[in-house]
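Structure, as structure tokens:
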């Protein structure tokens, strides 16, 4: 099948279903992951689709927001490695804010299971993260859950969440994002979630962003903050070399977590 034929088929599937997953296209078209991503990239370049984490959506649905369960099934190895690296960088005795997201949810699980990270206060607007962190017998782990309106990704957002965060001060905010783009910065499809995340960023002395390589080049509907505000960006080493070079110039510190050589082998690229 010619590239143009594949792209026409992908576009037809997106028009019919609103979105497609890279993994499904690899199977149905019997081509490589790289080929599918290249085809989606070409369709995105022509303005026919929007790239999203793990696939693409119809350009007429720029505000598409996958649910928490759907996002949890994507890039599992990358997210786990990134969460472990973020966990390694935390210290007891402080306050950490965790945004909603599947990678931050994995980090919350690591925090909950690590008695060495005590005492610790965790502020979150993520219902799944708060559930994982809820340990009534663990008196040295304090969990503060913001109020707000629930989104499809199980985040609490809106005025209540934003006001709660505005009254707090934490040592570090760990942010999961929908998209990561050189010009657009950190983005999300949800307008209210972007506002709440900005309040979470403003409450912290340091901003750490967790984003696997598939988030690169994805721009959601609403901007959270620019890349210049990111102190540490933790991603995986499948990030393209040109993207890594651009991010080294844009963020404070870029951390690439190798997937093939184990969780402890990490390359630190300082801007």
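The values are calculated or read from the model by the stated rules, or taken from the named source; none is laboratory data. This structure is a prediction, so every number in the text was calculated from the model and none was measured. Here the Cβ is made from the backbone with ideal geometry for all residues, glycine too, and neighbour counts use every protein chain on show.
The set of residues in the stretch 161-180 being surrounded by fewer than 19 Cβ atoms within 10 Å (Cβ to Cβ) and touching a strand residue (DSSP E or B) at 6+ places or on another chain (Cβ under 8 Å) consists of 168, 169, 171. A single member of 249, 263, 229 is more than 12 Å from residue 180 (Cα to Cα) and modelled with pLDDT under 95, and it is 263.
Just to be sure, is residue 192 surrounded by fewer than 21 Cβ atoms within 10 Å (Cβ to Cβ) and either assigned to a helix (DSSP H, G or I) or touching a helix residue (DSSP H, G or I) at 6+ places or on another chain (Cβ under 8 Å) (or both)?
Yes: the conditions hold for residue 192.
Among 144, 201, 123, 174, which is the only one that is over 30 Å from residue 42 (Cα atoms), modelled with pLDDT of 95 or more and in a helix (DSSP H, G or I)? Can you show your working first?
Details: 144 fails: in a helix (DSSP H, G or I); 123 fails: in a helix (DSSP H, G or I); 174 fails: in a helix (DSSP H, G or I).
That would be 201, the only listed residue that is over 30 Å from residue 42 (Cα atoms), modelled with pLDDT of 95 or more and in a helix (DSSP H, G or I).
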